[in-house]
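Chemist: Please find one structure pasted underneath; my questions will follow.
Coordinate-derived values only; no laboratory data. Everything numeric here is computed off the predicted structure, so don't read it as measured data. A quick note on method: Cβ atoms are made from the backbone with ideal geometry, for glycine too, and the neighbour counts reach across all protein chains shown.
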Amino acid sequence: MASGIKDKVVILGAGCSKFGERWDCEPADLMAEAFEECIADAGIEKSQIEAAWQSTGIDAYSVGPGAMPLSMGLRLPNIPVTKIENYCASGTEAFRAATYAVASGACDIALAMGFEKLKDTGYGGLPQRSRGVANDLYYPNLSAPGMFAQLAAGYRGKYGTSKEDLKRAMAHVSVKSHANGLKNPKAHLQRAITMEQALNAPMIAEPIGLFDCCGVSDGASCAIVTTPEIAKSLGKEQLIAVKALQLCASNGQEGGYEGWDGSYVHTTRVAAKRAYAEAGITKPREQVSMTEVHDCFSVTEMVTMEDLFLSEDGGAVKDVLDGVFDADGKIPCQIDGGLKCFGHPIGATGLRMLYEMYLQLSGKAGERQLPNPTIGLTHNLGGFPHQNVSSVAIIGEYGI
Amino acid sequence: MVGITAYGAYLPRMRLQKQVIADANAWFDPGLKGLAKGEKAICNWDEDTITMAVEAYTDCLGNAPGQAPAALLLASTTLPFADRQNSVVVAEALNLDTSDLRTMDITCSQRAATSGLLSALDIAAAGKEAVLVASEHRKAKCASREEMLYGDGAAAIAVGGENVIAELIASQSQAVDFIDHYRGEGQDFDYGWEERWVRDEGYMKIVPNAVNALLSKSGVSAGDIAHFILPTEQGRVPPMVAKKLGIKGEAVADNLLQSVGITGAAHVMLLLAHRLEQAAPGDLVLVAGFGQGCDVLLFKVTDAISHQRAGKGVSGHLSNGRPETNYNKYQSFNNLLEKELGKRSEVNKQGYLSAMYRARGLTNSFLGGKCTACDTVQMPKHKYCVNPECGAYDTQVDHPMAGASGTIATWTADTLTFDYNPPAYFGMVTFEGGGRIMMDMSEVDAETFDTGSKVSMHFRLKQIDDQAGFRKYFWKAIQV
């Protein structure tokens with residue numbers, strides 16, 4: 001039985017660019033912006049980084065394939081650099097690779113950098129993409145909101161939730177995230193919205209309206225990881241450690257075999273169970289201080305609360321409306337605004353979530369600082385509700 | 001005995017109200033007002049000659065896989081491909097046994113379907129079964145008479161030597177280079193001549209000439225004809241021709257001008273299918289196909305005719321329409337406008353023919369896989385069984401799903417993604433008997449459609465590449 005990653009690796013430094021419509025920035029500019037914050041926070045020289053991983057989700061629309069964009073963008077000293085792509089979990093995957101490299105002893109200090117330049121398409125929303133030559137022959141020509149709207153239909157079908165109640169819960173999710181984003185100077189969207197605005201916004205993919213959708217943003221985020229021992233030797237006093245890093249990829253059973261009803265994301269549940277076991281968490285609703293989940297759409301966040309076992313099955317609508325996941329609730333979710341308002345530069349997103357957890361756990365989150373968080377959970381979900389990759393990362397104070 | 005053994009039809013559900021055409025164009029041509037009566041059947045954006053042909057065959061003979069007629073003939077002047085045999089696409093979509101199947105596209109005349117039927121009957125005379133499908137989806141210029149008169153539709157006629165419901169008595173074909181209209185190579189639209197000349201020199205002379213030749217050699221009296229089928233967009237012509245020939249007025253088939261429109265090369269078979277629905281044993285049926293001459297076929301209805309049909313037939317399709325009052329939508333679906341489709345429509349539409357060839361079991365024939373170890377049905381077919389209790393390798397055999405009944409498990413109406421008819425409906429369909437797939441939906445009635453809705457599978461257009469002249473097909477779920 002593997003011992004897991006708990007407390008073997010700590011975050012030495014983290015950085016994040018301003019997210020948004022960065023019309024004047026190349027991907028390298030965004031990377032540099034995040035990296036300068038990160039390396040200063042880590043208190044090391046660039047030459048001390050021994051390996052790096054780059055995550056981009058849709059490289060065809062920005063930098064092209066391969067890892068040279070990161071290596072050249074930061075003028076890294078000819079170290080091994082690898083590009084990672086795994087849908088919306090790409091950022092967490094880069095972090096996982098760097099963490100595992102350090103945990104294995106293959107290197108002492110590693111960098112994970114995620115970025116995306118999405119605003120060069122000429123239209124709103126995510127770029128139109130091929131899903132592969134053969135898949136394109138029969139997959140519906142669906143948008144991202146169209147994919148995740150399936151969850152709403154499945155959820156209604158299973159629990160008999162009315163369209164109105166579901167929509168109100170979805171609206172609450174977005175109103176909450178907008179309120180949070182208002183306190184985040186790096187967020188793409190920094191303005192509050194009302195329930196009425198969310199409920200009455202133009203429909204994008206039934207029942208997902210405009211304010212149920214996250215921002216499509218340019219941005220970069222990164223983390224430098226090392227061992228607790230090296231961090232201490234470098235003078236780091238407060239250590240924020242990786243407690244769990246789990247990934248689950250669909251094998252086609254949800255979409256191709258009976259059992260899955262469209263009301264939940266199977267892979268998130270599998271990844272969450274493994275992550276809680278790895279981190280030693282037995283009562284997630286009591287032990288997790290805060291979450292950054294993949295709220296690509298409001299309904300995704302709502303369903304994810306059940307998939308992470310923070311809400312009972314069928315209980316997310318009530319929990320959401322009761323404010324359990326609000327900034328002043330029991331388990332604040334998206335305290336930085338989430339994908340919804342911080343924005344969603346795909347390859348950067350997983351690392352942006354870890355950046356926020358790191359800030360919160362270090363007490364450096366400024367106006368949005370939560371009182372005494374100890375365990376933070378991040379979650380990514382990429383693909384379709386019925387076939388996807390899902391990641392769950394848990395970080396917290398070292399040694400607890 | 002050789003003759004017709006089965007018949008079926010298909011009409012698109014959209015019925016454009018002709019008044020909206022007149023409302024838009026009468027400022028330019030007030031004469032259009034006189035034609036603005038009733039409605040016409042028009043293809044949805046994802047329907048064409050091929051998809052309608054598949055539906056018409058299914059209406060005629062069902063879509064049970066492995067049917068093995070000796071020949072499948074497709075008659076049309078609006079075949080999507082000038083060089084890719086369209087009837088083969090239809091055959092694969094129908095899951096016919098193609099191991100010993102003659103396929104043929106018959107085109108270039110409004111007489112194509114009757115000529116095709118004559119060829120099919122020749123095959124029947126040789127002791128085999130053949131099916132003729134006639135299907136048409138013509139374009140017409142904005143503010144033209146044709147725009148008022150043309151409709152879209154398809155019909156299928158099966159022929160053979162057993163269980164004949166209408167026996168072939170005689171036939172006659174005459175060829176005359178009479179150009180009432182033509183459509184030149186590379187042209188989208190018909191170019192026609194004065195109606196009065198077409199009527200007087202064409203229909204009134206060429207048709208009687210051919211019919212009289214047939215009647216005289218078969219010894220049948222015109223007055224004994226019970227059904228006279230003469231497709232034409234000139235509504236007054238069939239009674240005039242009938243009168244000249246001595247055919248009774250009540251025998252003249254309604255041309256469905258105000259309910260369907262003239263469905264071009266398919267129309268003669270559509271009218272034949274319609275009349276067969278009403279025919280009684282012993283009835284004589286005279287079918288005339290007009291175009292660069294005339295084909296005439298005389299049938300006698302047998303005792304085997306039954307009006308208990310599985311399919312909808314012409315009557316069923318006539319009553320299955322949905323009024324459409326958006327003229328712009330009609331023009332858009334027929335690519336008659338320089339329309340802003342948005343940047344999301346600018347995707348790579350490359351055909352990737354080798355990949356298409358590998359995938360054609362799924363894309364053309366809607367075949368899934370059935371595991372021979374555990375009987376689990378799955379879509380698409382896969383090397384490993386999807387059942388987690390099984391997971392067997394290389395155990396799946398082709399499993400036809402085109403006739404499967406489905407239930408909507410999840411869905412959405414997507415307004416962001418590109419669709420010719422937004423919003424795009426798609427979602428997870430779960431099939432009775434196993435299998436499920438995320439797929440597109442069509443003909444959605446937003447008022448009644450929801451999770452739990454029952455759906456059937458239909459061969460439809462998936463993507464059109466106007467630049468390359470290519471189109472891709474796949475199956476869509478349509479609410480039952």
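Chemist: Calculate one ³J(HN,Hα) per residue across segment A:130-143 by plugging θ = phi - 60° into the Karplus curve 6.51 cos²θ - 1.76 cosθ + 1.60, and present them in order as whole Hz with x for glycine and proline.
Modeler: Once rounded to whole Hz, the list reads 6, 10, x, 3, 6, 4, 4, 5, 9, 4, x, 7, 9, 8.
Chemist: Which one, A:VAL63, B:PHE431, B:VAL220, projects farthest toward the positive side of the charge dipole computed for the protein assembly as shown from Cβ point charges (K/R +1, D/E -1)?
Modeler: Highest projection toward the positive end goes to B:VAL220.
Chemist: Order of B:CYS108, A:CYS38 from fewest to most other C-beta atoms within 10 Å? Walk me through the intermediate numbers first.
Modeler: Numbers: B:CYS108 16, A:CYS38 26.
Neighbour counts put them in this order, fewest first: B:CYS108, A:CYS38.
Chemist: Cα axis of helix A:163-181 to longest principal axis of chain A: angle in degrees, 0 to 90, nearest 10?
Modeler: Long axis of A:163-181 versus the principal axis of chain A: about 30 degrees.
Chemist: Please determine, in degrees from 0 to 90 and to the nearest 10, the orientation of helix A:90-104 with respect to the longest principal axis defined by the Cα atoms of chain A, where the helix direction is its Cα long axis.
Modeler: Taking the Cα atoms of chain A, the angle to A:90-104 is about 40 degrees.
Chemist: In nm, give the distance between the simple-model label positions of B:ALA175 and A:MET195, each being 7 Å from the Cα along the Cα-to-Cβ direction.
Modeler: So the label points at B:ALA175 and A:MET195 sit 7.9 nm apart.
Chemist: Another question about this same structure. I need the calculated FRET efficiency for the pair B:LYS33 and B:SER345, taking r as the beta carbon distance and R₀ as 45 Å, to the nearest 0.05. Numbers along the way, then the final one.
Modeler: Details: r = 36 Å, r/R0 = 0.79.
So the FRET efficiency works out to roughly 0.80.
Chemist: Next up: Two decimals is fine: what's Rg over Rh for segment B:3-333, C-alpha atoms, Kirkwood radius as Rh?
Modeler: Values: Rg = 18.6 Å, Rh = 19.7 Å.
My calculation of the ratio gives 0.95.
Chemist: I need to check one value: relative contact order of segment B:48-171, counting alpha carbon pairs closer than 8 Å and at least 6 residues apart, in percent. Intermediate results must be reported in sequence, preceding the final value.
Modeler: Numbers: 232 pairs, mean separation 39.1, N = 124.
With pairs under 8 Å counted, the relative contact order is 32 percent.
Chemist: Return the percentage of antiparallel bridges among DSSP beta bridges fully within chain B, rounded to the nearest 5 %.
Modeler: Details: 71 of 92 bridges.
Bridges in chain B are about 75 percent antiparallel.
Chemist: Right, next: What does the charge add up to near A:VAL270, with Lys and Arg as +1, Asp and Glu as -1, over the other residues with Cβ less than 12 Å from its Cβ? Provide the component values of the computation, followed by the final result.
Modeler: Details: positive: A:ARG269, A:LYS273, A:ARG274; negative: A:GLU254, A:ASP307.
In short, +1.
Chemist: When DSSP assigns beta bridges and you keep just the ones with both residues in the protein assembly as shown, what percent turn out antiparallel, to the nearest 5? Walk me through the numbers on the way to the answer.
Modeler: On the way: 108 of 143 bridges.
Roughly 75 percent of the DSSP beta bridges within the protein assembly as shown come out antiparallel.
Chemist: Could you put A:PHE35, B:PHE333 in order, starting from the residue whose Cβ has the fewest other Cβ atoms within 10 Å?
Modeler: B:PHE333, A:PHE35
Chemist: Counting only other chains, and only Cβ atoms inside 10 Å, what mean value do you get across the residues of B:416-422? Please list the in-between numbers first.
Modeler: Working: counts 15, 12, 3, 3, 0, 0, 0.
Averaged over the peptide's residues, the number is 5.
Chemist: Rounded to the nearest Å, what's the spacing between the alpha carbon centres of segment A:305-330 and segment A:140-184? Just the number, please.
Modeler: For segment A:305-330 versus segment A:140-184, the Cα centre distance is 13 Å.
Chemist: Restricting to bridges with both residues inside chain A, how much of the DSSP beta-bridge set is antiparallel, in percent to the nearest 5? Could the numbers behind the result be given before it?
Modeler: On the way: 36 of 50 bridges.
If I count the DSSP bridges inside chain A, around 70 percent turn out antiparallel.
Chemist: Quantify how strongly other chains surround peptide A:248-257 by giving the mean number of their Cβ atoms within 10 Å of each of its Cβ atoms. Can you show the working numbers first?
Modeler: Values: counts 0, 0, 0, 4, 5, 5, 3, 7, 16, 12.
Across the residues of A:248-257, the mean count of other-chain Cβ atoms within 10 Å is 5.
Chemist: Rank-order B:364-372, B:171-179 by packing density, defined as the average count of other C-beta atoms within 10 Å over each peptide's residues, highest first. Before the final figure, lay out each step's value.
Modeler: Numbers: B:364-372: 22.6, B:171-179: 15.1.
Top to bottom by mean Cβ count within 10 Å: B:364-372, B:171-179.
Chemist: Neighbouring Cβ atoms within 10 Å as the yardstick, rank B:MET148, B:MET356, B:MET269 fewest first. Walk me through the numbers before you get to the answer.
Modeler: Numbers: B:MET148 26, B:MET356 17, B:MET269 33.
Arranged by neighbour count, lowest to highest, B:MET148, B:MET356, B:MET269 become B:MET356, B:MET148, B:MET269.
Chemist: Sketch the reach of a paramagnetic label on A:LEU321 as a point 7 Å from Cα along Cα-to-Cβ, and name the residues of segment A:138-169 whose backbone nitrogen lies under 19 Å away.
Modeler: A:152-169
Chemist: Can you give me the relative contact order of chain A as a percent, contacts being Cα pairs under 8 Å and 6 or more apart? Don't skip to the end; give the middle numbers.
Modeler: Working: 966 pairs, mean separation 105.5, N = 400.
Taking the mean separation of contacting Cα pairs over the length of chain A, I get 26 percent.
Chemist: Could you check the spin-label model distance between B:ALA468 and B:THR325? Points 7 Å from the Cα along Cα→Cβ, value in nm.
Modeler: Calculated label separation equals 4.1 nm.
Chemist: Taking chain A as the reference, fit the longest principal axis to its C-alpha atoms, fit the long axis of helix A:144-159 to the helix C-alpha atoms, and give the angle between the two in degrees, 0 to 90, nearest 10.
Modeler: 60 degrees
Chemist: Counting only other chains, what is the mean number of Cβ atoms within 10 angstrom of the Cβ of each residue in peptide A:259-265?
Modeler: Counting Cβ atoms of other protein chains within 10 Å of each residue's Cβ and averaging gives 3.
Chemist: Suppose only helical runs count, i.e. DSSP H with n ≥ 4. What mean residue ellipticity at 222 nm does that imply for chain B under -39500 (n - 2.57) per run, divided by all residues and rounded to the nearest 500 deg cm²/dmol? Walk me through the intermediate numbers first.
Modeler: On the way: 11 runs with 108 residues, N = 480.
Here the helix-only value at 222 nm equals -6500 deg cm²/dmol.
Chemist: Still on this structure, I have one more. Sort largest first and round to whole Å: the equivalent ellipsoid semi-axes of segment B:295-403, each the square root of five times a Cα gyration tensor eigenvalue.
Modeler: Working: eigenvalues 291, 193, 48 Å².
Three semi-axes, in Å: 38, 31, 15.
Chemist: What are the ³J(HN,Hα) couplings of segment A:384-393, residue after residue, when phi is run through the Karplus curve with 6.51, -1.76, 1.60 and θ = phi - 60°? Round to Hz, x for glycine and proline.
Modeler: Listing the rounded values in order: 9, x, 9, 7, 6, 10, 10, 10, 10, 10 Hz.
Chemist: With a Förster radius of 30 Å, plug the Cβ-Cβ distance of B:LYS243 and B:GLU277 into 1/(1 + (r/R0)^6) and report the FRET value to the nearest 0.05.
Modeler: On the way: r = 25 Å, r/R0 = 0.84.
So the FRET efficiency works out to roughly 0.75.
Chemist: Got a sec? Charge dipole of segment B:3-333, +1 on Cβ for Lys and Arg, -1 for Asp and Glu; which of B:ALA140, B:GLY3, B:VAL89 is way out at the positive end?
Modeler: B:ALA140
Chemist: To the nearest 0.05, how large is the calculated FRET efficiency for A:TYR123 and A:LYS163 if R₀ is 25 Å and r is the Cβ-Cβ distance?
Modeler: Values: r = 29 Å, r/R0 = 1.15.
Given R0 = 25 Å and the Cβ-Cβ separation, E is 0.30.
Chemist: Would you please put A:161-167, B:159-165, A:205-211 in order of how densely packed they are, using the mean number of other Cβ atoms within 10 angstrom per residue and starting with the highest? Provide the component values of the computation, followed by the final result.
Modeler: Working: A:161-167: 15.6, B:159-165: 19.4, A:205-211: 23.4.
Final packing ranking: A:205-211, B:159-165, A:161-167.
Chemist: I want to check the label-to-label distance for B:GLU167 and A:SER47. Put each point 7 Å from Cα in the C-beta direction and report it in nm to one decimal.
Modeler: 10.4 nm
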